[in-house]
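Read the figures in this text as sums done on the coordinates, not as results from a lab. Only a predicted model underlies this, so the values are computations on that prediction, with no experimental measurement involved. We place every Cβ from the backbone using ideal geometry, glycine too, and count neighbours over all the protein chains shown.
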Amino acid sequence: MSNIVELDAARGTRFEFWARRKAAKSRAEDSAGEVFALRAGKRIVYRIAPPPPYCQFYAYTHHAGGPLTLEWDENIIELSLFYRFDPIRVAEEGVTFLDLQGGRLVARPKVAWPTWCESDPDRPQLRFSPFQAWMNDPNGLCFVDGRYHLFYQFHPVEAEWGPMHWGHAVSDDLYRWTHLPVFLHPEQNLWSLGATGGAFSGSAFVGPDGGLSFYYTERLPAYDLFKEYKEVQKLVVPSADLLRPETNRVVLDNGPPGSAHDFRDPKVWYDAAGGEYRMVLGAAIDGDPAVLLYGSEDGADWKFLSVLYRAPEHFRQHGARCVECPDFFELDGRFVLVMGFVGYTEPTTGRHNLLYAQVGTFDDDRFMPLTPALQELDFGTDFYAMQSFRAKERQIAFAWLFNWEFRKPAGSPYSGELSLPRVLGVDAQLRLTMLPEVGYRALRSHALTQAAAGHFICEPGEPIELSLTGALDGIRIVGRGGDGESFTIAHVSGRLQVNVAEDAGEIEYRSTPLSLENLTVFFDRGVLEIFANDGVVCGTRRTYKVTALTALELIASGATRIDACEGWSYNSVWRW
Ligand code: FRU
């Protein structure tokens, strides 16, 4: 074998990786024997013969401990994600990523993550993103023994959506994350089938006895993204250290009459008054996006109760296929329903896949809205698959910063990021409000300097915040970088609107009408999160074009009155 490196590994160190065979350049390569081996002294303790041309998962635990020699043939085997960890210490240390390139092994333990994360000019520094490969929805959010756990939709072998796994990370403050080993794998080897599906989205559930479990959807093979698949709901009891599933079984495998194959993304709670479990699922009923309600006496045997919500036909007529990632929770004495309508195009603005909320009551298993219309949750649309959970008496949510409208430029080692953690509330008009969780203040590095009034100087690559209060109608905020204009946020004709460098004008990113009283804007290497009027109106955009800001300009109209204005520069959450 062409490459050899020495490794030292404590007793119990576990190696996990995904590999496939490279396309053969010659006959000789095609018939090669062993292509990857771990040797302890003279003994081979792990080996791989030429693998198939599709990805496979491999794992080795070094029970003996001590020095290892790793040999591999990089002409034949291609390793995508590769990491090692000490199962006892991994919750603090995280995994060490291993990169086999050009005959060398580069190890990236936690201390090396800041350099890795900062080296990508487009990688946000205040938000979670996977070390490499693809992520989408936040899953399984929970607060256990004083630490926040984040699981997420993960395709470990490339920066594109594919067979789904659950990635895992842990944090003490919702901002600084430690990468942990992959938690859930797809049930079948989808890569070998050339199929999609796997461990789809789901959530954490704390039972009446305080025990933690996870409910999620397994999509059984689909050779086509939109048909020939089946979705079933599964229940996972995790190991005590939350590193792997202890048990994993199907608890619900068929939707009610009228539903088709979209039947996913469970959120479960325990109804203490009735002494029963409840679950909502995203689906479509006779083609209308819908949220289904299920009930159970033991959390394992589920019965269909009713259609909790069915979208007006407007949504189906404008392309909505189903509800995804429904969230349903009690907040300040009301119930809040949050839904994503995948496929939907809003006819007046052209925006896709919007997220909506509605506040209501929930009695006798019936959701009764207290507001006449759905509330659009994010006018910028790069805020999807939101999931919330309860921790320290707050309802906290994350969402995936993506809308399929723009893609990360090819060549990046990863795709997908999470929003800032947002604390949810219900205001006097029964609207859901979202504001960043206050921990961000501890991450500020210094106040931005102003070259002239309202003209802030930014350090390219550093996250920034701008907060304003006053009578702000008519205001414009322009972010500029060396390569031109990055974004404009403007209050025009009574609405907030946002444009980024990619916009060609076909889609209008604008809010519902508002008189602007306060505004907080975060910009972080292409991620723009806007919070207006105490979080009643929010807008999120992801731009990949001009991500290094040099200046931020405030342009007031005649009618604008700014009472207070502050600008902050931020430290990276990866550097700690
Ligand atoms: C939303 C979603 C979910 C599904 C998951 C698959 O983005 O489509 O409905 O469970 O992503 O990755």
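Brief remarks on what is shown
- Length added when fully stretched, Thr348-Arg407, from 0.36 nm per residue minus Cα-Cα: 18.9 nm
- Whether the chain is rounded, prolate or oblate, judged on the alpha carbon gyration tensor where a/c under 1.5 counts as rounded: oblate
- Rounded to the nearest 0.05, the FRET efficiency derived from the C-beta distance between Ala272 and Leu430 at R0 = 25 Å is 0.55.
- Local electrostatic count at Leu190 - Lys and Arg +1, Asp and Glu -1, tallied over other residues with Cβ under 15 Å: -4
- Using 0.36 nm per residue and subtracting the Cα-Cα separation, the extra length available between Ala40 and Ala564 on full extension is 182.1 nm.
- Here the dipole of the stretch 405-479 is about 80 debye; that uses its Cα centre as origin and unit charges on the Cβ of Lys and Arg (positive) and Asp and Glu (negative).
- Kirkwood hydrodynamic radius over Cα pairs of the stretch 444-570, then Stokes diffusion coefficient at 20 °C and 1.002 mPa s, in µm²/s: 149
- Note on Glu517/Asp172: beta-carbon distance plugged into 1/(1 + (r/R0)^6) with R0 of 25 Å gives a FRET efficiency of 0.15.
- Debye, to nearest 20: dipole size of the chain, +1 on Lys, Arg Cβ, -1 on Asp, Glu Cβ: 1200
- Cα-centred dipole magnitude for the stretch 444-570, charges only on beta-carbon of K, R (+1) and D, E (-1), debye, nearest 20: 80
- Which of Leu193, Leu292, Val342, positive extreme of dipole for the chain (C-beta unit charges): Leu193
- You can think of it this way: the chain between Asn571 and Ala24 has 192.3 nm of extra reach, that is 0.36 nm per residue less the Cα-Cα gap.
- Computed label-point distance, nm, for sites Thr361 and Asp298 using a 7 Å Cα→Cβ extension: 3.5
- Computed [θ] at 222 nm, deg cm²/dmol, the chain (DSSP H ≥ 4; -39,500 (n - 2.57); rounded to nearest 500): -1000 deg cm²/dmol
- Taking a point 7 Å out from the Cα of Val492 in the direction of its Cβ, the residues of the stretch 323-351 whose backbone N falls within less than 18 Å of it are 348-351.
- Rounded FRET efficiency, nearest 0.05, which uses the C-beta distance separating Arg11 from Ala240 and R0 of 30 Å: 0.90
- Distance between the pseudo-spin-label points of Gln317 and Lys392 (7 Å out from Cα toward the beta carbon): 4.7 nm.
- Filter on Lys22/Lys42; Lys230/Lys267; Lys227/Lys267; Lys267/Lys303 - keep pairs with C-alpha separation over 26 Å: Lys22/Lys42
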